[in-house]
Amino acid sequence: MLNQSLQQKLLQKLSPQQILLMKLLQIPSMALEQRIKQEIEENPVLEIDEDYDKEEENTTDDYEDSAKESTDDSQNDVDIHDYLDDDDIPAYRLNAGNTSANDEHKEIPMAADTGFLESLLSQLDIKNLPLHKQVIGTTIIGNLDEAGYLQRDLTAMVDDLAFTQGVTTNLAEIEQMLKVVQGFEPAGVAARTLQECLILQLKRADPSPAVKLAVTILDRCFDEFTKKHYDKILKRTHSEEDELRDAISEILKLNPKPGSAFGSSPSGSQYVIPDFIIENKDGILELSLNQRNMPELRLSRTYTEMLETYSENKNKKEKNELQRDAVIFIKQKIDSARWFIDAIKQRQDTLYITMKAIMNYQYKYFLEGDETRLRPMILKDIAEQVGLDISTISRVANSKYVQTPYGTFLLKSFFSESIQNDQGEEVSTREIKKILSDCIVVEDKSKPLTDEELTAILKQKGYPIARRTVAKYRELLNISVARLRKVM
């Protein structure tokens, strides 16, 4: 039996504008530029203001919510004046007011390198091999990763060539072509394992006693070598310590990633583009947003003129259903463009006030660059200062970089938990990591410090922490255990 009931619920929903702002907040400057280009492609009303004067004062237009349309003729009428400004061309200025014509604009020079795969393919062309072998070689090269390793199984490549290229081959022929590719530059390319990569490089070196012993070590004692069990290596190779030291020196000269010499990006190098810039001006810190690639946005004059034309036709009582549909479409696109421009402006404001709070919170560090001056800081500390939600602060800190006089750092690296020293003071865990890292840098590499010894050193310095905590911090710093840090 059906029953009719009345329920009252309280729901909290995000508006499309809020969702858009949250998405824009979490992307860095490099991705934001691409996001703006995508929005311009999708919304014809939005365009870049090429005539914008950078020295103009920052202004943002206030816009009102428009009434919803209905299918009724009278309600389909649009107040054109809500979408037309008194100015000839409405522009929504996004400049944060921290740049001027006197600023120094620097461009990073890019090297014109030959790509990794292009270099290998050109070496393959020089061989003048039969067509089917050329196809096999091209397939092998196409399956190399950025480091130069062949991750594809050779047996699977036999099927790939048969189904995709129509080339009938066998495992022996692919192995033969693999050896050809492994003879290309750089040495070690097309290896299937690190062990094979290093041996390929050593076989091209001068056959000195140290090189021969290095090949033997990698071939017969590779597992012991990776774990630095030098005593076992000495016994298995029947060599002396001086000979082993020279052989290891030869191995350390090798490149474990031969493809990295060409870089993974088209320009051969990858650069971090900071979202924030902190400068020290005579002992006073100044913060600015990096807006070098931030285009100025405005509404398209073409669509503004369309609305003007509609307004004239409306006065002449020449409107029809097609015109109303066109105006509703333009109105929706203008709303979308305004929301996007407003979201960009809000994003810039949120980024600035959040980074300003972080800079003030860690003022001593940004002033001196001494990591021991870092204060314990969590997301909640900044959220309380700026009056924003913790999730918003998290989005700001995620994947953003700040350029300081002491280097460019990931913003979230400044957030750390606190720990009490022997005097009961709250200190940042990053301060402890810094001291731990400094101790390992100056240690005797022939007898590196164990976790127990590092724990004792930290306790002497006033940081009573457990050995397992030291081990956790060491792993977070990507520092190996003492045995793997040992040098002959």
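Each value in this text was obtained by applying a stated rule to the coordinates, not by laboratory testing. Quantities reported herein were computed from a predicted structural model and do not represent experimental measurements. Heads up, the Cβs are rebuilt from the backbone with ideal geometry, glycines too, and the neighbour counts pull from every protein chain shown.
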Q: Please give, to one decimal in nm, the separation of the simple spin-label points placed at residue 353 and residue 238, each 7 Å out from Cα toward the Cβ.
A: 7.8 nm
Q. Along the stretch 473-480, what does the Karplus equation 6.51 cos²θ - 1.76 cosθ + 1.60 (θ = phi - 60°) give for ³J(HN,Hα), rounded to whole Hz, x for Gly and Pro?
A. 5, 4, 5, 5, 8, 6, 9, 6
Q: Return 363, 230 ranked ascending by Cβ neighbour count within 10 Å, so the fewest neighbours appear first.
A: 363, 230
Q: With a 10 Å radius around each residue's Cβ, average the other Cβ atoms per peptide and rank 240-253, 388-401, highest first.
A: 388-401, 240-253
**Q.** Over 24 Å between alpha carbons, listed pairs 253/486; 253/400; 203/253
**A.** 253/400
Q) Residues with amide H under 5 Å of residue 299's amide H, sequence separation 5 or more or different chain, H placed in the peptide plane at 1.01 Å from N; which? A) 92
Q | Alpha-carbon spread of the stretch 418-485, three principal axes, descending order, Å | A | 36, 21, 19
Q: Give me 218, 287 ranked fewest to most by other Cβ atoms within 10 Å of their Cβ, as a rough exposure proxy.
A: 287, 218
**Q.** Sorted peptide list for 460-470, 425-435, 371-381, criterion being average Cβ within 10 angstrom, highest first
**A.** 425-435, 371-381, 460-470
Q. Taking the Cα centre of each part, how many Å lie between the stretch 173-189 and the stretch 446-488?
A. 43 Å
Q) According to a simple spin-label model (label point 7 Å from Cα along Cα-to-Cβ), what is the distance in nm between residue 487 and residue 442? A) 1.7 nm
Q | Rotationally averaged projected area of the stretch 336-377 (alpha carbon convex hull; nm²) | A | 3.4 nm²
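Calculate how large, on average over all directions, the projected area of the Cα convex hull of the stretch 116-262 is; give the answer in nm² to one decimal.
Value for the stretch 116-262: 9.4 nm².
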Q: Arrange the following residues from fewest to most other Cβ atoms within 10 Å of their Cβ: 439, 221.
A: 439, 221
Q. Got a sec to turn the phi values of the stretch 408-413 into Karplus ³J(HN,Hα) couplings, 6.51 cos²θ - 1.76 cosθ + 1.60 with θ = phi - 60°, whole Hz, x for Gly and Pro?
A. 9, 10, 6, 4, 5, 5
Q. Of 9/333; 232/433; 212/257; 179/212; 356/433, which ones are farther than 28 Å apart at the Cα?
A. 9/333; 232/433
